[in-house]
Amino acid sequence: MNTVEKFAGAKFVGQPIERLEDLRFLRGRGQYVDDLARSGMLHAAILRSSVAHGRIRSIDVADARKVRGVHTVITAADLGEPLPRVPMRLQPMPEFEAFGQPVMARDKVRYVGEALAVVLADSAAVAEDALAAIAVDIEPLPAICNWQSAARNETLLFENNGTNVAMTFRAARGDAAAAFKEAAYTRREIFSTQRHFALPMEPRGLLAEWDAACGKLTVSGAAKVLFANRRFLAKQMGLAEDAIDMVEYDVGGGFGARGEFYPEDFLIPFAARFADRPVKWTEDRREHLMTMNHAREAACDIEIACARDGTVLALRGHAFVDMGAYMRTNGAVGARNIAQFMSGPYRVPNIDIDVALLLTNKTPVGTYRGPGRFETDFFRERLFDMAARELRIDPIEFRRRNLVGEAEMPYAVATIAPFESKDALDSGDYQTTLDRCLAEFGWAEKQKLGGRCIDGRYHGCAAGCFIEGGAAGPKESARLVLESDGTLTIYMGSSGVGQGLETAFAQIAADAMEMPLARINRVLHGSTSYVSDGYGSYHSRSIVMGGSALLDAAAKLKQAMRAQAARRLNCGADEVMLADECAAAPDGKSVSWAELAGEPIAAEGAFLNHKHTWAYGAHAAHVAVDPRTGAVALLDYVAVENCGRMINPLTLKGQLVGALVQGLGGAFLEHLVYDDNGQLLVGSLADYLIPTASDFPVIRGYVMESHPSPINPLGAKGAGEGGIIAAGGVIANAVADALSSLGVEPRDLPLSPERVWQLIKDAPSVE
Amino acid sequence: MSIKFEVNGKPVSVEVEPRLTLADCLRHHLRLTGTHVGCEHGVCGSCTVLVDGAAVRSCLLLAVQAEGAKVVTVEGLSRDEGLTPLQASFRKHHALQCGFCTPGMITTAHALLSEEPDCDADRVREVLSGNLCRCTGYISIVEAVLDARAAYKGGGNGA
């Protein structure tokens, strides 16, 4: 099943098939978790800490209980011993346990937004009213609001741990110290990226139902990693895994953040069992801003060593990630990626980079699309352009000289320790995506504008290259059922987060079964009852892992169909031909698939994999900077990505462009700002700015396929994140190019008008 | 309070608290869950419905303010079978991914094209800039709306 074979006979795979999902979404027939209602349902509202760091003296819920329509109020005292903690799903290292988050604060609060109590009431409005009747007394402690003060360890979030540093990862390759000693050129710089996050349009929500008679729990509104979350929840609630059904409905965007195990993923199911009533909770946008995983707040002090001709010899230095108040679920991934993938698609023979994970009194972090990669690509691409400029080498030529070559694959990147994670770039010709990007962009002409002031605005261009990791293992499952009417039903262990899985899986299955797309009955995903074991959607893994599992299930289903047909047609199973929805014997007798499946025929398949795919590409941007206001206009942006094999170019391009515009939000607009007391200063979408339809009107995305991945039978590479990864670095380099005559070098994101204006004002040389 | 208004061509009568928003009334009292609530403060546009022909944010309107009005939701802009030209254009251009902002985009675009079937790309961007989408990057949405203009020209109502 893991044999690498070219996926032959593709009729639907590779075609821009219009999405099956759209038919319900466009008519208002999608069903998201807040659309659900149950008889006898209670509504939950959660009291959250308004203090960033403090000791809880008392929480008095007596008055809240008396509010008309309130059913009950739950505090940490009701949750029993030991107080359950939010689990670590990825990199579950023992060192992180001491920094884990209790599902509700009991002794201390460590960030604004931490849960203190849950009110259950007849309506959401009454539940929210009752929150105001809870009296909370918290003794404030000094708040740690940035990684620098965390590093001083003067105030500790966890006194017993003796430090605010949860972990230091180190990425190593070759001998960086020796390379620096002999290098003709070195440059050291400090960069930073700001705290921002995924912000899907659908707020989080859950509906939990407890069936006391059967001891069964159903949790609707699950997403991303249903089976893993069921495993955690079962343990916390003292239930068998099969006593819990996690059900995903339509999901209004994930981007890495939705579907991770949050405190509410315990609190709401617990409340349903506690009250013995269905309980629904839907967060409001302010809650979302202070409770959903934050991301991206990182800094680095990094040094590059080059030969005179621009050949990169080594990278070394230190990175620092602001983790927020707790280590939870996948919080370590971004930090790990900053260190391990700073080299990106480039040949960097010697690497020594450590990254410290520092706790602060802010919302805990988790992955956001391209975790760590957006940050580290900004650091690297900026450093590359600064080095190239100083060495008087064309920035494109500098990159070409250092891109990993096709013949060097598989190319080992730095190894990370502890956790000893090795990785290698799988396949591809990185020069070709750069060629395509520059050609589509019109680089030869546009680059001449670099640094020129036209009609009062400075023009600048930049281009950069990226890689995108995908296809995390260890496994994915798929089940196919040939129904008695001859149609096919697909059950997947993957999860939908709005990316169009149903269409892509239908395309793969139709080709694998050599049947019309219209005969795919339904594509069902997002329930722990559909397949025996599922792993979900993260790390751009669904198409590669789920799609490959589908191929395995299709092969097994065909085998079962042949065996069934052989009995009907009196021939050997291996003699049966399956074509045109008929099974035929060598003597010409045949039976239709519908007749064959008098009883539905089912087969379950799986795909096991421990290697990663590496989609790759290049971005180029043309900006114009108004020196009077600091406003940066994006005049053109081209993004190119090669994903080995395209399943659906329409949805692939949708991922590329959508991710890119998110990345532009991170480059220009989005910022979760805290004050010195740990108060989050953005409380609405009027403060937290994401891109709108008029912000970036010229975006051109191009998707390519070649050099199929050797590690899966589809040859596909995960490609949901590439658009976002390069955006920060390319934009900052374009602004630097525009303002080169002023000597402006952006070192921090976001490039808000205020920041750019200040950079110009502080510029060392004015023309 | 008891209120009466028209939703998608049908008269409705609902008993509501004065503080109930029109969005919550549509979603939870009338079970028209195609209208989505993304921010509850009038910024994201997911809850956009048509009130007497104008695109409005149903999270910023109280249900009682709809007394006597003609309200149209995304369900009312849809056919039982198949897609309208505007919806088909969204599908063709892959102008939606997760689908959460989509009903607000459809209602907003319908109101725009009904009033200004000759609008240009800048006008489409300007009007849609009040509706947030986190998935698509908007390029495909603008293309879809421009491509659907033909169905609204010459007095056409997009049907």
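A compact table of results
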read-out: Members of the stretch A:35-74 that are within 14 Å of chain B (Cβ to nearest Cβ) and in a loop (DSSP other than H, G, I, E, B); value: A:L36, A:A37, A:R38, A:S39, A:M41, A:R68, A:G69
read-out: A:S477 being crowded, with 24+ Cβ neighbours inside 10 Å, out of contact with any Pro (no Cβ under 9 Å at 6 or more places or on another chain), modelled with pLDDT under 95 and not acidic (D, E); value: no
read-out: Odd one out for A:S540 among (1) more than 14 Å from chain B (Cβ to nearest Cβ); (2) over 16 Å from the mean Cα position of the chain (by Cα); (3) open to solvent by 10 Å² or more (accessible area, probe 1.4 Å); value: (2)
read-out: Restricting the stretch A:521-556 to residues that are touching a helix residue (DSSP H, G or I) at 6+ places or on another chain (Cβ under 7 Å) and part of a helix (DSSP H, G or I), the residue that is nearest to A:E581 (Cα to Cα); value: A:A554
read-out: Candidates A:V126, A:V118, filtered to the one that is part of a strand (DSSP E or B) and open to solvent by less than 60 Å² (accessible area, probe 1.4 Å); value: A:V118
read-out: Matching residues in the stretch A:285-333 - criterion: being assigned to a loop (DSSP other than H, G, I, E, B), closer than 30 Å to A:R85 by Cβ and of a type in the set (A, V, I, L, M, F, W, C); value: A:M292, A:M323, A:A325, A:M327
read-out: Of residues in the stretch A:486-500 being at pLDDT 95 or above and either in a helix (DSSP H, G or I) or open to solvent by 10 Å² or more (accessible area, probe 1.4 Å) (or both), the one nearest to A:G605 (Cα to Cα); value: A:Y491
read-out: All strands (runs of 3 or more DSSP E) inside the stretch B:8-57 with 2 or more residues being more than 11 Å from chain A (Cβ to nearest Cβ) and of a type outside the set (V, I, T); value: B:10-15, B:54-57
read-out: Hits in the stretch A:658-681 (condition: part of a loop (DSSP other than H, G, I, E, B) and open to solvent by less than 10 Å² (accessible area, probe 1.4 Å)); value: A:E670, A:L672, A:G678
read-out: Qualifying position, being modelled with pLDDT of 95 or more, in contact with a helix residue (DSSP H, G or I) (Cβ under 7 Å, 6 or more places away or on another chain) and open to solvent by 20 Å² or more (accessible area, probe 1.4 Å), among A:A585, A:A563; value: A:A563
read-out: Evaluation of A:A77 against (1) more than 14 Å from every other protein chain (Cβ to nearest Cβ); (2) in contact (Cβ under 8 Å) with a residue 40 or more places away in the chain (one fails), failing number; value: (2)
read-out: Residue satisfying all of: in the stretch B:79-106; among the small types (G, A, S) and more than 7 Å from chain A (Cβ to nearest Cβ); surrounded by the fewest Cβ atoms within 10 Å (Cβ to Cβ) among these; value: B:G82
read-out: Residue within the stretch A:639-646 that is open to solvent by 10 Å² or more (accessible area, probe 1.4 Å) and either within 14 Å of chain B (Cβ to nearest Cβ) or outside any strand (DSSP E or B) (or both) present; value: yes
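Every residue, every condition in (1) modelled with pLDDT of 95 or more; (2) open to solvent by 50 Å² or more (accessible area, probe 1.4 Å); (3) touching a Lys or Arg at 6+ places or on another chain (Cβ under 8 Å), yes or no:
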site: A:P371; (1), (2), (3): yes, no, no
site: A:T376; (1), (2), (3): yes, no, no
site: A:D385; (1), (2), (3): yes, no, no
site: A:P395; (1), (2), (3): yes, no, yes
site: A:L403; (1), (2), (3): yes, no, yes
site: A:P410; (1), (2), (3): yes, yes, no
site: A:Q431; (1), (2), (3): yes, yes, yes
site: A:E440; (1), (2), (3): yes, yes, yes
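The values are calculated or read from the model by the stated rules, or taken from the named source; none is laboratory data. Here the structure is a predicted model, which means the values were calculated and not measured. Ideal geometry is used to build each Cβ from the backbone, glycine not excepted, and the neighbour counts take in all protein chains shown. The accessibility values were calculated without ligands, DNA or RNA, using every heavy atom of the protein model including side chains. Shrake-Rupley method; radii C 1.70, N 1.55, O 1.52, S 1.80 Å.
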